[in-house]
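The values are calculated or read from the model by the stated rules, or taken from the named source; none is laboratory data. All values derive from a computational prediction rather than experimental measurement. We place every Cβ from the backbone using ideal geometry, glycine too, and count neighbours over all the protein chains shown.
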């Protein structure tokens with residue numbers, strides 16, 4: 001079983017690359033949008049702050065799992081660009097679904113960041129980076145749910161591998177192997193965060 005699993009390592013790693021892509025894009029887009037909302041909330045302009053607060057609540061409170069199915073059904077499978085029909089990959093739909101909670105999270109964190117900066121407090125950057133890294137790990141784990149809409153990521157590929165040997169032992173071994181890649185990515189990210197912030201307590 002181990003030999004069979006290891007023979008599919010390259011196949012699984014390429015699937016994990018999709019998980020990383022989903023996570024990086026959703027965190028990137030969500031951070032930009034959420035940062036803008038947080039900045040507006042930190043300003044003393046009531047009208048803009050109220051709109052930003054409402055937008056934050058919407059993004060924060062809609063379950064990403066529900067959004068996965070919403071994006072999968074509402075976004076067309078194909079689009080026509082300059083007369084050419086192009087398929088819309090399912091991982092793009094998963095990315096958009098996971099962007100929403102990132103917007104809500106970043107809006108809250110960046111509001112605190114800007115408030116601390118305006119108050120002249122120290123440690124705002126480190127606090128934001130630590131929280132951002134922790135949430136990135138959450139989104140990375142959540143990217144595995146993209147398999148429920150058929151996205152070609154590591155969990156979906158693991159299920160294909162498992163179909164070649166449906167014994168309970170092979171199923172457990174395969175999922176443990178998949179978990180290893182998530183764990184390794186998490187350790188690498190937290191190590192990078194320690195270097196970035198200069199703090200040993202980043203977890």
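Within the stretch 113-137, track down each residue that is out of contact with any helix residue (DSSP H, G or I) (no Cβ under 8 Å at 6 or more places or on another chain) and either surrounded by 14 or more Cβ atoms within 10 Å (Cβ to Cβ) or touching a residue at least 24 places away in the same chain (Cβ under 8 Å) (or both). The one that is out of contact with any helix residue (DSSP H, G or I) (no Cβ under 8 Å at 6 or more places or on another chain) and either surrounded by 14 or more Cβ atoms within 10 Å (Cβ to Cβ) or touching a residue at least 24 places away in the same chain (Cβ under 8 Å) (or both): 134.
Scanning the stretch 76-90 finds one or more residues that are in contact with a helix residue (DSSP H, G or I) (Cβ under 7 Å, 6 or more places away or on another chain), modelled with pLDDT of 90 or more, farther than 26 Å from residue 39 by Cα and surrounded by 15 or more Cβ atoms within 10 Å (Cβ to Cβ). Test residue 161 against the criterion of being over 25 Å from residue 52 (Cα atoms), in contact (Cβ under 8 Å) with a residue 60 or more places away in the chain and either assigned to a helix (DSSP H, G or I) or in contact with a helix residue (DSSP H, G or I) (Cβ under 7 Å, 6 or more places away or on another chain) (or both), and give yes or no. Answer is yes for this residue. If you go through the stretch 50-68 and pick out every residue that is in contact (Cβ under 8 Å) with a residue 24 or more places away in the chain, loosely packed, with under 14 Cβ neighbours inside 10 Å and farther than 15 Å from residue 34 by Cβ, you end up with 1.
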